[in-house]
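Engineer: Below you'll find the structure I mean.
The values are calculated or read from the model by the stated rules, or taken from the named source; none is laboratory data. What you are looking at is a predicted structure, and each value in this text was computed from that prediction instead of being measured. Here the Cβ positions follow ideal geometry from the backbone for every residue, glycine too, while neighbour counts run over all protein chains shown. Remember, those area values only see protein heavy atoms, side chains included, never the ligands or the DNA or RNA. Shrake-Rupley method; radii C 1.70, N 1.55, O 1.52, S 1.80 Å.
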Amino acid sequence: MTTTIGAPLNRIDARLKVTGAARYSAEMPVKNVAHAVLIQSTIANGRIADIDTAAAEQSPGVLLVMTHRNAPKLGGKQKSVQQPGEDYPLLQDDAIHYNGQHIGVLVAETFEAATHAARLVTVRYDEDKSVVRLGQVLDKLAVPQHFRGGARLPDSSRGNPDQEFVAAPVKIDQTYQTPIEHHNPLEPHAVIAVWTGDELVVFHSSQSVAGSHKTIAGHLGISDDKVRTVSHFIGGGFGSKGSTWPHVTIAAMAARIVNRPVKLVLTRRQMYTSNGFRPQTRQHLRLGADRDGRLIALRHDSLSHTASFGEWVEPCGLSTEIMYSCPNLGVSHRVAPTDTGIPTFMRAPGEASGMFALESAMDELAEALAIDPLELRLRNYAEQDEHEKLPWSSKSLKQCYERGAAAFGWNKRERQPGSMRNGDLFVGWGMASATYPMNRSKASATVRLQADGRAIVQCATQDIGTGTYTIIAQVAADAIGLPVERVTVQIGDSNFPEAPVSGGSQTAASVTPAVDAASRDIRKQLVDLATTGSFKGLRSEDLDVVDGAVVVKSDPSRRAEIGTLLAGRDALTATKGAEPGDEKKQFSMHSFGAHFVEVHVDPELGEVRVARYVGAFAAGRVLNAKTARSQIIGGIVYGLGMALTEETDLDHRSGRVLNGNIAEYLVPVHADVPDIEVILIEEQDPHVNPLGVKGMGELPMVGVAGAVANAVFHATGKRIRYLPIRPDKLLRTA
Amino acid sequence: MYPFTYVRGDDRQAAVALAAEPGTEFLAGGTDMLQLLKDEVRRPRRLVEITSLSGMSEISSGPQGLRLGALARMADVADHPAVRDEYPVISQALLASASPQVRNMATIGGNLLQRTRCAYFRDTAMPCNRREPGSGCSAIDGENRLHAVLGGSDHCIATHASDLAVALVACDAVVVVTGPSGEQRIKLEDLHLLPGETPEKETVLQPGDLITAVEVPPLAFARRSLYRKVRDRASFEFALAAAAVALDIDGGTIRQARVALGGVGTKPWRSHEAEKALTGAKLETASFEKAAAAALAAARPLHQNGFKIILAQRTLIRALLTVGA
Ligand SMILES: Cc1cc2nc3c(=O)[nH]c(=O)nc-3n(C[C@H](O)[C@H](O)[C@H](O)COP(=O)(O)OP(=O)(O)OC[C@H]3O[C@@H](n4cnc5c(N)ncnc54)[C@H](O)[C@@H]3O)c2cc1C
Ligand code: SF4
C-alpha cells in the first residue's frame, strides 16, 4: 500500500492560490455589501468629551456612523474565548485606553466614501497622562492573575536558586530586552458580516473559526449556534488572528443596524492597534556554574506589560524550566499595565523572547569559561524534564546539535571573538538551542466516502498557510486507502466538527488524530460492507483497501470498487473525536532543535549580514516534508526579523505607533535572508498522539535571535542584549 | 483621502498654468504622492498628472554632461550606460534606493521632491510644524533616532530622504524648471531649503513650477565616484547615513573632491567643508578623517540620533577609502 504521509507533496490548494481562485475573507462573493471603516482614537488615555459626526453623516453615501453614543448595548460580556481576563472596548463607553482604540465605525456605499467620511468625524478628548513603555511602569509590576489562562504558574522554582547562585564560582548576571513587535501577516484582518434573520454568518480571517463564533455570539448575547464563522483561506496570522478582535463584532453590530452585509478590512496602519502584539520584555538572567560549566543555579525573572483593560503576559521563562539540567532553578513573571492595546500570542510567545535571553546568557557563560558554546550545552543536556520530573516522550536534541554542527562545519570555529575574517568584515559563528512544547487539544472530524470513490473530510480547523489542507488529505488518504487526489478537504467553517485554535503549533497534533480515526472507521465500514457483499464469506482481516478499492489480501487481483460496494447508498460517513488522555502525566513532550548561523559584521559601520544558516529540528513525525521545510524556513526568517530589524516604535508620550506600515516596520527582505539549510530529524514518538506529530510552526523561530546575537558577539566581542541588533547599538557598545 | 479632481496634462504650458492655481499639485510616478494623499498629509483640490508630457523622459549624455528628463524612471537612469560609467555615484545611489518595483514607477523629479519620512509628518494625528505650521515639532522631544543632525532648527529636524539628491548635489547638478514666468535653472544645492523657522517651505519652487530635467555638468573625475549607504536592513530602506564622494587624484595627492551626505541632513547635504579639507591633501586615512570631522563639525545631536555623527563620519571615511584605493 502506498503511503503519502511524509511525502513532500505539493499543497493541494496551491493551484487555487497561485491562480487567485482561492477566496480570502474580504473576497467572498456577498451581494449588496456595504463598506465599513473604523475610527480610532488619537490619544492614549482619557475620555471622549465630544464626538461630532454631523459632517460625516451628511457625506455622500454614508449609511451609518456608530460610536459609543448610538452603538447597541452588549450586555456586558465583552470577553474573548481565547484570551481570558480581557474586557474588549466595543464602543460601549467613552473611555480611551490606548492610542488607536476603536471609537467608532462608519458604514457607506463604497470603501472610498466610508474612508473619506470617517476622516470628517472630529473628536474632542479629556486627556489624562499616559504611560506606554515598560520602563515607565516598573513600580506597578504585579504577579499575573491570568497567567497562561491558569494552565501554568507565573512563578516556579526547584532547589535553592538564590543561595546557590551566590555561592557559584562562575556567574552571569545580565538583563536582556525585547521590543514591541507586530505580526504583520500579509493578508489584513478582514470581515464580512451577513445577517439572515437572527442568524449571522461572519467571513473573517481567523485562526480559530470554532472559537470565533462563540466569542462573537458572547459579545452579541446570542446563542452560539446562531453564529457561523467561515475562513477558507488565511494569508498568515502568526497569532494575531487567534483571538476574535473587536472589529469583527463591530462589523456584525453595524451590519445588523444597516440591515445589509457589511465588509470591514483593517488598513495596515490599523493592524498595529487592532490585533495585539508581542509586548516589550525585560528579562533578568542569573546563571551560576561550576568551573566545568555545569549549571548550579539559574534564575529567569521576566517583566512585560499589558493593557489597562486586560492581562496578557509574555511567558518568557517557561522554556527555561526544561531546557537545561540544573538543580536550582527559579522562574518568575511580573506584569504591569500600560496605556497600550493588549498584547497577544505572537509566533512562539514567550519561547522566542525568552530563549533569546537564555541562549544569550548561555553564550556569555561559555565565553566566561572559554568553553565552546555547543560543548557547554552538551554538558548541561537535560536527560529528563527536571521541572515536571518526567521522562521525555522523545528528544533528539543531541542529533540536532550533531547534524547541524556537522553541516555547518562548527568544529572549524575559532573560539576567540573577533578572530575570524572575510576580507575586512568580521565573521561570527553563533548557535542556539530551540524548544517548543507539544500541544494538543480535543478535535473532531467527519469523513464521508461517496459512491464515486471520493472522500470529503470536514473539520472546523483552518489552514493559516501552514499546509493543513494538505496534511489532512494525506492522513485521510492513507487511513482509508485512497489516492490522495480523491480526498477533498473542507475546513475553515464553524459548522464543521469542532477543532481548536491554530495556535501553539497544535493543529497537526490535534486534528490529524481525529481525521485518522474517522477515516479508519470509514475503512472498517467499507471492509465490513465487502464481507457482506462482494466478498461474502471472507473475513475483514482478509481484506484491505488499496488505491480506492477493497482487495483480497491473498489475491490483490480480486478487487471491489467503492461504487459497487456502496450500491444504492450515497455514502458512508463517520464522525470521530480525538483528544489527549493523561499521557502528559507520564511523559514530557517537547520538540527541539539547533540553530547555527554565520554573520558578517562591518566593525566600523555596524552592519550585520547573515551569511549562512543551518537549522536542525526534531518534531516527531514529519507529515509532509515540503510544507514542514517551508514552515522551518518561514520561522527562521521571522526570527531573523526579530534579531535584526523588527521593532514597533511608540511615541513615548502619546503611545502613537510611529512605524505602522511595512515600509517602516522592517521585516526581512530577500537581501537579509541567506540560503537556509534545513535538517529534519524524524522521531518515532508513540506517546504524543496517535500520529506521533509534535508541531512545527513555532519551534524554528525559537532561538534564532539568540543564535544571531551570539554570532554578532563572536564576530565583534560586542554583546547586544536589546533587540533588534541595529547598527546604532553596535556603534554605541564598547 | 480628500476628494480632488484629476487632470491629465498633455501640454507642458497648460500643465504649468493649471498647477499655478491654488490647491493644485503635480503627480508623477505617484509612489510618494499616493501615500501622502491616503494619509491626508497632502490635501490638494486638484492633481495634474504629468507622466504623459513629452520630452521629459529622455536620458542623454554628451560633451555638455548628463541630462536626465524629470520623468525618467529611477530604474532607467540607474541602468543607463553613461550614468553607470561616467557617474557611478548616481547609478549606485539609485540602486540603493527603495525597491525595483518602486524604481520602475518613480521619476527623477518626484524623487527630488519626495517628502520626509518623519513619522510625525506623515501622521495627521500628531503635531508637526512642517505639515501644519505652528503646531509644534513632535520629533525634537520625541522619537528622533532617524532624524537629522545637520541643518535642523528648533522648528524641525526632519531628514531629507532622497539618496539620488545626495549624489546629484555632489555632482553640482542643476535643476531645469518651467514655471508660469518661464524657464529657470536652479542649482540643486539651492533647491531645498533649510527648515529654519518655516519648515513648511521645503524648496524655492513656486506654485506651478515644473521640473523638466536635471543637468549634471561634465565632471571627468566622477568616474571615480561612489555612493555608500548604511541602513537598518540590507535593502529597501532609507539611509541612517550615506556618503556620495568623487575624487580627483594626482599620484598620492587629492586635487579635488566632491562630498555630500545623506541620512543626516535636513536637505541633501553637500559638504564644502569636507571638500576643502581634502583639496590638496595626501591620499591617506588621516586626510579622510579630517574631512569627516569637518563634515560633521556643525552636527547637533538629539537624544536618540547622536550615533549618526559617528556613523556618518565612518561612512564618509569608508567611501573615501574605497574610491581612493
Ligand atoms: C517603500 C518606499 C521606500 C523608498 N525608499 C527610498 C530610498 O531608499 N531612497 C530614496 O531616495 N527614495 C526612496 N523612496 C522614495 C521614492 O524614491 C519616491 O517616492 C519617488 O522617487 C517619488 O517619485 P514619483 O515619480 O513617484 O513622485 P510622486 O509621488 O508622483 O511625486 C512626489 C512629489 O514630487 C512632485 N513632483 C513630481 N514630479 C515633479 C516635477 N517634474 N516637477 C515638479 N514637481 C514634481 C509631486 O507633486 C509630489 O509632491 C521610497 C519610497 C517608498 C514608497
Ligand atoms: S521634525 Fe519636522 S517634520 Fe518631523 S515633526 Fe518635527 S517639524 Fe514635523
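Engineer: Among the residues of the range B:27-73, how many are under 26 Å from residue B:172 (Cβ atoms) and hydroxyl-bearing (Ser, Thr, Tyr)?
Structural biologist: Qualifying residue count for the region: 3.
Engineer: Shifting gears a bit: Report yes if residue A:137 is open to solvent by less than 40 Å² (accessible area, probe 1.4 Å), of a type outside the set (Ser, Thr, Tyr) and within 14 Å of another protein chain (Cβ to nearest Cβ), otherwise no.
Structural biologist: No: the conditions fail for residue A:137.
Engineer: Which one of these is closer than 27 Å to residue B:260 by Cα and away from ligand 2 (no atom under 13 Å from the Cβ): B:103, B:131?
Structural biologist: B:103
Engineer: Please tell me if residue B:125 is more than 16 Å from ligand 2 (Cβ to nearest atom) and surrounded by fewer than 24 Cβ atoms within 10 Å (Cβ to Cβ).
Structural biologist: No.
Engineer: Here are B:151, B:136, B:182: which of them is of a type in the set (Gly, Ala, Ser), on the phi > 0 side of the Ramachandran plot and more than 16 Å from ligand 2 (Cβ to nearest atom)? Walk me through how you get there before you give the answer.
Structural biologist: Values: B:151 fails: more than 16 Å from ligand 2 (Cβ to nearest atom); B:136 fails: more than 16 Å from ligand 2 (Cβ to nearest atom).
Matching residue, one of B:151, B:136, B:182: B:182.
Engineer: Just the residues that are small (Gly, Ala, Ser) and open to solvent by less than 10 Å² (accessible area, probe 1.4 Å), please, taken from the range A:420-468.
Structural biologist: A:428, A:430, A:432, A:433, A:434, A:443, A:445, A:453, A:455, A:460, A:467
Engineer: Being buried (at least 17 other Cβ atoms within 10 Å of the Cβ), of a type in the set (S, T, N, Q) and over 14 Å from residue B:119 (Cβ atoms) is the filter here, so list the residues in the range B:130-159 that pass it.
Structural biologist: Pass one, the range B:130-159, residues buried (at least 17 other Cβ atoms within 10 Å of the Cβ): B:130-131, B:137-140, B:142-153, B:155-159.
Then keep just the ones that are of a type in the set (S, T, N, Q); that gives B:138, B:144, B:153, B:159.
Result: B:153, single match.
Engineer: Answer yes or no as to whether residue B:256 is in contact with a strand residue (DSSP E or B) (Cβ under 9 Å, 6 or more places away or on another chain), assigned to a loop (DSSP other than H, G, I, E, B) and more than 14 Å from chain A (Cβ to nearest Cβ). Can you show your working first?
Structural biologist: Values: in contact with a strand residue (DSSP E or B) (Cβ under 9 Å, 6 or more places away or on another chain): yes; assigned to a loop (DSSP other than H, G, I, E, B): no; more than 14 Å from chain A (Cβ to nearest Cβ): yes.
For residue B:256, the condition - in contact with a strand residue (DSSP E or B) (Cβ under 9 Å, 6 or more places away or on another chain), assigned to a loop (DSSP other than H, G, I, E, B) and more than 14 Å from chain A (Cβ to nearest Cβ) - is not met.
Engineer: Check B:71, B:34 and return the single one that is surrounded by fewer than 16 Cβ atoms within 10 Å (Cβ to Cβ) and within 8 Å of ligand 1 (Cβ to nearest atom).
Structural biologist: B:34
Engineer: Take the conditions more than 16 Å from ligand 1 (Cβ to nearest atom) and either surrounded by fewer than 19 Cβ atoms within 10 Å (Cβ to Cβ) or away from chain A (no Cβ under 14 Å) (or both) and apply them to residue B:100. Does it pass? Steps first, answer last, please.
Structural biologist: Working: more than 16 Å from ligand 1 (Cβ to nearest atom): no; either surrounded by fewer than 19 Cβ atoms within 10 Å (Cβ to Cβ) or away from chain A (no Cβ under 14 Å) (or both): yes.
Taking the combined requirement at face value, the residue does not satisfy it.
Engineer: Filtering the range B:195-245 down to residues that are open to solvent by 10 Å² or more (accessible area, probe 1.4 Å) and at positive phi, which residue is nearest to ligand 2 (Cβ to nearest atom)?
Structural biologist: B:196
Engineer: So which residues in the range A:566-583 are crowded, with 16+ Cβ neighbours inside 10 Å and at pLDDT below 95?
Structural biologist: As a first pass, look at the range A:566-583 and keep what is crowded, with 16+ Cβ neighbours inside 10 Å: A:566, A:571-576, A:578, A:580.
Within the range A:566-583, just A:566 meets the criteria.
Engineer: Something else now. Across the range B:198-248, what is the number of residues that are more than 10 Å from ligand 1 (Cβ to nearest atom), in a loop (DSSP other than H, G, I, E, B) and not charged (D, E, K, R)?
Structural biologist: Summing the residues that are more than 10 Å from ligand 1 (Cβ to nearest atom), in a loop (DSSP other than H, G, I, E, B) and not charged (D, E, K, R) in the range B:198-248 gives 10.
Engineer: Still on this structure, please answer the following. Does residue B:322 satisfy the condition of being in contact (Cβ under 8 Å) with a residue 24 or more places away in the chain and surrounded by fewer than 19 Cβ atoms within 10 Å (Cβ to Cβ)?
Structural biologist: yes
Engineer: Pairs needed: first member in the range A:561-587, under 18 Å from residue A:457 (Cα atoms); second member anywhere, open to solvent by less than 50 Å² (accessible area, probe 1.4 Å) and charged (D, E, K, R); C-beta distance under 7 Å; at least 6 residues apart or different chains.
Structural biologist: Filtered contacts from the range A:561-587: A:574/A:521; A:576/A:521.
Engineer: Still on this model: Examine the range B:4-12 for a residue that is closer than 18 Å to residue B:222 by Cα, among the polar types (S, T, N, Q), modelled with pLDDT of 95 or more and surrounded by fewer than 22 Cβ atoms within 10 Å (Cβ to Cβ), and state whether such a residue exists.
Structural biologist: Looking for residues that are closer than 18 Å to residue B:222 by Cα, among the polar types (S, T, N, Q), modelled with pLDDT of 95 or more and surrounded by fewer than 22 Cβ atoms within 10 Å (Cβ to Cβ), one finds none in the range B:4-12, hence no.
Engineer: Is there a residue being at positive phi and touching a Pro at 6+ places or on another chain (Cβ under 9 Å) anywhere in the range A:425-433?
Structural biologist: Among the residues of the range A:425-433, not one is at positive phi and touching a Pro at 6+ places or on another chain (Cβ under 9 Å), which makes the answer no.
Engineer: Something else now. Given the structure, is residue A:697 outside any loop (DSSP other than H, G, I, E, B) and either more than 14 Å from chain B (Cβ to nearest Cβ) or buried (at least 24 other Cβ atoms within 10 Å of the Cβ) (or both)?
Structural biologist: no
Engineer: Which of the residues belonging to the range A:184-224 are out of contact with any strand residue (DSSP E or B) (no Cβ under 9 Å at 6 or more places or on another chain) and free of Cβ contacts under 8 Å to residues at least 24 places away in the same chain?
Structural biologist: A:196, A:197, A:223, A:224, listed by residue number.
Engineer: Shifting gears a bit: Of the numbered conditions (1) assigned to a helix (DSSP H, G or I); (2) surrounded by fewer than 20 Cβ atoms within 10 Å (Cβ to Cβ), residue A:383 fails exactly one; give the number of that condition.
Structural biologist: Looking at each condition in turn, residue A:383 falls short on (1).
Engineer: For the range A:239-285, give me the residue count where each residue is open to solvent by less than 20 Å² (accessible area, probe 1.4 Å), farther than 21 Å from residue A:503 by Cα and hydrophobic (A, V, I, L, M, F, W, C).
Structural biologist: Residues that pass the stated criteria total 10.
Engineer: Take the residues in the range B:173-196 that are farther than 18 Å from residue B:265 by Cβ and part of a loop (DSSP other than H, G, I, E, B); name whichever of them is nearest to ligand 1 (Cβ to nearest atom).
Structural biologist: Here the answer is B:180.
Engineer: I want to confirm something. Restricting to the range A:265-316 and keeping residues that are assigned to a loop (DSSP other than H, G, I, E, B) and of a type in the set (Gly, Ala, Ser), which single residue is nearest to residue A:96 (Cα to Cα)? I'd like the intermediate steps shown before the answer.
Structural biologist: Of the range A:265-316, the ones assigned to a loop (DSSP other than H, G, I, E, B) are A:266-269, A:273-277, A:279-280, A:290-294, A:308-309, A:311-316.
Going one step further and asking which of them are of a type in the set (Gly, Ala, Ser), we end up with A:274, A:276, A:293, A:308.
Numbers: A:274: 14, A:276: 16, A:293: 51, A:308: 10 Å.
So the residue we want is A:308.
Engineer: Something else now. Looking at the range B:106-125, I want the residues that are within 13 Å of chain A (Cβ to nearest Cβ) and modelled with pLDDT under 95 and have a partner that is open to solvent by 10 Å² or more (accessible area, probe 1.4 Å) and more than 9 Å from ligand 2 (Cβ to nearest atom) with Cβ atoms under 6 Å, at least 6 apart or on another chain. Which pairs are those?
Structural biologist: Pairs that qualify, where the first residue is within 13 Å of chain A (Cβ to nearest Cβ) and modelled with pLDDT under 95 and the partner is open to solvent by 10 Å² or more (accessible area, probe 1.4 Å) and more than 9 Å from ligand 2 (Cβ to nearest atom): there are none.
Engineer: Taking the criterion of being more than 10 Å from every other protein chain (Cβ to nearest Cβ) and under 24 Å from residue A:730 (Cβ atoms), would at least one residue in the range A:622-630 satisfy it?
Structural biologist: Scanning the range A:622-630, I find no residue that is more than 10 Å from every other protein chain (Cβ to nearest Cβ) and under 24 Å from residue A:730 (Cβ atoms), so the answer is no.
Engineer: May I pose another question? Taking the range A:654-681, which residues are open to solvent by 30 Å² or more (accessible area, probe 1.4 Å), at the interface with chain B (Cβ under 7 Å from one of its Cβ atoms) and outside any loop (DSSP other than H, G, I, E, B)?
Structural biologist: A:671, the sole residue that qualifies.
Engineer: Among the residues of the range B:126-146, how many are within 16 Å of ligand 1 (Cβ to nearest atom) and either within 12 Å of another protein chain (Cβ to nearest Cβ) or of a type in the set (A, V, I, L, M) (or both)?
Structural biologist: Count: 1.
Engineer: Right, something else. Do any residues in the range A:455-484 that are at pLDDT 95 or above have Cβ atoms under 8 Å from those of residues that are aromatic (Phe, Trp, Tyr), where the two are at least six apart or on different chains, and which pairs are they?
Structural biologist: Final answer for the pair search is A:458/A:496; A:459/A:496; A:460/A:496; A:463/A:233; A:463/A:469.
Engineer: Is there any pair linking a residue in the range B:10-34 that is within 14 Å of chain A (Cβ to nearest Cβ) to one that is more than 16 Å from ligand 2 (Cβ to nearest atom), with Cβ under 6 Å and at least six apart or on different chains, and which?
Structural biologist: What qualifies is B:31/B:102; B:31/B:105; B:31/B:106.
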